[in-house]
Every structure is written in C-alpha cells, then in structure tokens.
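Just below is one structure, and these are the notes that go with it.
The values are calculated or read from the model by the stated rules, or taken from the named source; none is laboratory data. Treat the numbers as computed from the prediction; the structure is a model and nothing was measured. Every residue, glycine as well, gets a Cβ built from its backbone with ideal geometry; the counts of neighbours run over all protein chains shown. Keep in mind that these areas ignore ligands, DNA and RNA; they rest on the heavy atoms of the full protein, side chains included. Shrake-Rupley method; radii C 1.70, N 1.55, O 1.52, S 1.80 Å.
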Amino acid sequence: AAPEDYYLVVSALVPYKRIDLAIDACSRLGRRLLVVGTGPEARKLADRAGPETRFLGYVGTDQTRELYRRCRALLFPGLEDFGITPLEAMATGRPVVAYGRGGVTESVVDGQTGIFFPEQTAPSLEEGILYFERWEPTFDPEAARARARPCDRPRFEREFLAFVRRHAETRGLSTTI
C-alpha cells in the first residue's frame, strides 16, 4: 500500500533513544509523527511535543506491523549497538531516517534503504528528513525488504539451532532438538 503522511518512532521512551530529537524535528517541520512505546520519559516527551505528534503507547505486534507498513519512514535518532526497529521497518518495505552511527550502519544502506543524518541533533535530523523527502520518490520498497530478509525469523531459528547442535556435538551432548 502507498505510505500515509506520517513518520514513525517505535522505541522504549528512555533518554538514550533520543526520541526528543524526532519530536523537535517533526514539530519544527510541521510533520506528523506517531510514537509507539512506553517508558519513564513518556510524560516529558509528551509535554515537549507539538500538535502533530501523537503518542500511541504500547501497541500489539499486528498493529505495529501495520504502522510500519503505512509510515513514510521510521525515524531512528538514537545510537545503538544494533537496533532491531530499522530492520522491522525495512522488512515491511519502508525506509529509515537514522543517525548514521552505530549498528544501524550495518543494516541500513544510505541512499538505498534509508538516509543517514550526520549529527545527533534536531537540526541535523530535520535536514535528514528534508533530504529524505526529496529522495523518497526513488525509494524501492523491495530493496528494503531484501536487505532485511537475511535477519528473518526462519533463518535465525535455522542458524541458531545449527549453532547449538555444533556446540553440543563438540561436547558430546545430545543434539535432538
């Protein structure tokens, strides 16, 4: 389906996730932002938010998947070792606008499955969003899905079980899993 006109954040609402940057950038640009998640920063972030930001709290897996599928892009302003939400967004065929440091640089391909912004500041994220909006017409949802596919559940389960079997066998343990 064609994306709707909103950006999405899916996160625990804690300081290091830097959801404040997404709120500030979207407020200044007048962009609609939906925030999925709960945490100790919820009230503080809600007080900071403009009229275009809506906090959804906890939502179930199916609703989260639908929100991913329909967003313009996932905003990922934090610095993470890995970060699963960019992969979840890409698995639904949606791009990511992310702070270009940390683990996200291993999953998102700048200019192909998303856009990186260089500084962990609201103005830098604003520039990233504006750049994304110019780039958006060239975005290929299938490229995002293909990038996420190696991290899908069946592959994880298959490789995890193979790992356990290999290590169990080297220790003389049963491998009937």
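Descriptive notes on the structure:
- Matching entry among Arg43, Arg54, Arg69 (being in a helix (DSSP H, G or I) and either without any contact (Cβ under 8 Å) to a residue 60 or more places away in the chain or open to solvent by less than 20 Å² (accessible area, probe 1.4 Å) (or both)): Arg43
- For the range 101-112, the criterion of being buried (at least 20 other Cβ atoms within 10 Å of the Cβ) and in a helix (DSSP H, G or I) is satisfied by at least one residue.
- The range 150-175 - residue that is modelled with pLDDT under 75 and either touching a strand residue (DSSP E or B) at 6+ places or on another chain (Cβ under 7 Å) or open to solvent by less than 100 Å² (accessible area, probe 1.4 Å) (or both) and, of those, farthest from Tyr7 (Cα to Cα): Ser174
- Complete set of residues in the range 128-149 that are open to solvent by 60 Å² or more (accessible area, probe 1.4 Å) and over 16 Å from the mean Cα position of the chain (by Cα): Leu130, Tyr131, Arg134, Pro137, Thr138, Asp140, Glu142
- Criterion violated by Thr121 - all others in (1) loosely packed, with under 15 Cβ neighbours inside 10 Å; (2) closer than 30 Å to Tyr16 by Cα; (3) more than 17 Å from the chain's Cα centre (by Cα) satisfied: (1)
- Among the criteria (1) among the hydroxyl-bearing types (Ser, Thr, Tyr); (2) buried (at least 17 other Cβ atoms within 10 Å of the Cβ); (3) not in a helix (DSSP H, G or I), the one Thr38 does not fulfil is (2).
- Failed item, numbered, when Arg32 is tested on (1) within 27 Å of Glu106 (Cα to Cα); (2) open to solvent by 30 Å² or more (accessible area, probe 1.4 Å); (3) in contact (Cβ under 8 Å) with a residue 24 or more places away in the chain: (1)
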